[in-house]
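One structure is given below, encoded as structure tokens.
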Amino acid sequence: MSGPNLREYGDHAVLVEWEADGYDADVGDAVHALAARLRRKGGFTEVMPGYDSLVAAFDAARLDQSVALERIRDALSRGPLKADEGDSRLIEIPVAYGGADGPDLDAMAERIGRSADEVIALHSGRDYRVCMMGFIPGFAFLSDVDPVLRHPRHETPRAKVPAGSVGIANWQTGIYGLESPGGWQIIGRTDALMFDADRDPPFLVETGDRIRFVPR
């Protein structure tokens, strides 16, 4: 894995971007390790990691962009970026698979020539990193599923996908934070509140955390 490229991102942020061909777990680990270093270093108003990049924002009235770039270069120079550098948590998410909670599970199992129980075992048999949050409050975009489970989105999205639904879209899995339209293959649902506006903090998980699905 080669080092990242740095470039100015507007007048109050720096984009740090790695070269990756699709999702790369090593790159993902490096992204979140650098994010942890920059948060500890301070001086940035927000550090926003993604799959293969991060944006480090700063107050342009207090910090010159050249200084921001130098701080990032200094963080990168402090040895290899290790997967366990961050303050990530391992969070267990209980999931009811199949039935009304997972309306796509049986059809997916049939298409890949596995039983529903085998699909559940494959999906819950690894830990996932929270790579990114969006597109609605609390939606957690997670890392890659077992290759056997990779499935395209529905051609026609559902008008309503319940909050807590656990789905697969192409190579990744994710959790819906709120009820919304969506085209992911829904294989289960959790009653854990991914987003609660009255809770502090309102989000159950954050980027960098690791998720373990627990069938119930």
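The values are calculated or read from the model by the stated rules, or taken from the named source; none is laboratory data. Please read all numbers here as calculations on a predicted model, not as lab measurements. Virtual Cβ from ideal backbone geometry, glycine too; neighbours counted across all protein chains shown.
List of remarks:
- Residues that are surrounded by 14 or more Cβ atoms within 10 Å (Cβ to Cβ) and either assigned to a loop (DSSP other than H, G, I, E, B) or of a type in the set (Gly, Ala, Ser) (or both), drawn from region 96-120: 96, 98, 101, 102, 103, 104, 109, 114, 116
- Residues being out of contact with any strand residue (DSSP E or B) (no Cβ under 6 Å at 6 or more places or on another chain) and either part of a loop (DSSP other than H, G, I, E, B) or among the polar types (S, T, N, Q) (or both) - total across region 13-27: 6
- Scanning region 41-72 for residues that are at pLDDT below 90 and part of a helix (DSSP H, G or I) yields a single hit, 41.
- Filtered residues of region 56-77 (kept if buried (at least 18 other Cβ atoms within 10 Å of the Cβ) and among the β-branched types (Val, Ile, Thr)): 72
- Pick from region 74-88, criterion at pLDDT 90 or above and not polar (S, T, N, Q), ranking: farthest from residue 49 (Cα to Cα): 74
- Candidates 63, 54, 142: the one that is of a type outside the set (S, T, N, Q), touching a Lys or Arg at 6+ places or on another chain (Cβ under 7 Å) and under 30 Å from residue 7 (Cβ atoms) is 142.
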